[in-house]
Amino acid sequence: HLKFMLIYSPKYLFLIPGLSLLTIGMIFTIVLATGPITINGRIFDFHFALLGSLFVLLGFQIINTSIFANIFAHRELEIENFGSKFYTLFSLEKFIISGLIILMAGLLLDFLILFQWIGNNFGNLHEPGIVSLASTLIIIGFQIIFNAFFLDFLKDK
């Protein structure tokens with residue numbers, strides 16, 4: 001029964017929760033990248049940036065599971081759904097380039113922090129929001145690249 005639910009309703013089971021987590025996580029991560037904010041007297045600091053990073057990564061992985069379930073349903077069960085339309089848009093090269101751009105953005109942020117640390121004579125450096133954003137971008141970039149290869153393997157012959 002669980003397998004049936006996973007294959008026949010990936011939109012409601014995976015895509016919508018994944019997009020929700022990804023959106024909330026991106027808001028937390030981006031807003032808190034430059035430092036803490038105060039809303040109604042409450043301080044939101046790097047703990048929420050890390051929580052946002054977790055939500056982004058988890059949401060992105062859940063969205064990928066939705067894509068894989070849709071493609072499996074299309075290939076193995078001949079169900080017309082997202083999987084049948086996905087490969088008209090999918091290109092291994094486009095996904096790799098997108099992944100590399102996101103990966104490079106994360107690395108650039110990390111290098112900026114490194115240069116700031118060197119400029120600070122290797123002293124204390126408190127940039128958890130930027131580190132959280134950079135790490136999240138690096139992980140998402142790698143996931144896009146490796147998922148692109150897997151999706152390319154699943155392509156119809």
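The values are calculated or read from the model by the stated rules, or taken from the named source; none is laboratory data. Please read these numbers as outputs of a predicted model, since none were measured by experiment. Cβ sites come from the backbone with ideal geometry, for glycine too, and all protein chains shown count toward neighbours. With ligands, DNA and RNA removed, areas are computed over all heavy atoms of the protein, side chains included. Shrake-Rupley method; radii C 1.70, N 1.55, O 1.52, S 1.80 Å.
Length, then width, then depth: along the principal axes, the Cα atoms of the chain run 60, 37, 21 Å. What a 1.4 Å probe finds exposed on the stretch 109-157 is 68% carbon and sulfur by accessible area, rounded to a whole percent. If you take the square roots of the eigenvalues of the alpha-carbon gyration tensor of the stretch 88-157 and sort them as a ≥ b ≥ c, do you get rounded (a/c under 1.5), prolate (a/b over b/c) or oblate? Verdict is prolate for the stretch 88-157.
Given the options F46, G123, L21, identify the residue whose Cα lies farthest towards the positive end of the charge dipole of the chain (+1 on Cβ of Lys, Arg; -1 on Cβ of Asp, Glu). Value computed over the given set: L21. Helical runs (DSSP H, four residues minimum) scored at -39500 (n - 2.57) apiece and divided by the length of the chain put the mean residue ellipticity at 222 nm at -26000 deg cm²/dmol. Its relative contact order, with pairs defined as Cα atoms under 8 Å and 6+ residues apart, puts the chain at 27 percent. Among the helices of the chain, those built from whole DSSP H runs whose Cα atoms reach 24 Å or more along their own axis and whose mean Kyte-Doolittle hydropathy is at least 0.5 are 46-77, 92-119, 128-154. Taking label positions 7 Å along the Cα-Cβ direction at both L58 and D45, the computed distance is 2.3 nm, reported to one decimal. Taking a ≥ b ≥ c as the square roots of the Cα gyration tensor eigenvalues, with a/c under 1.5 meaning rounded and otherwise prolate when a/b beats b/c, else oblate, which class fits the stretch 8-54? Because a/c hits 1.5 or more and a/b exceeds b/c, the stretch 8-54 counts as prolate.
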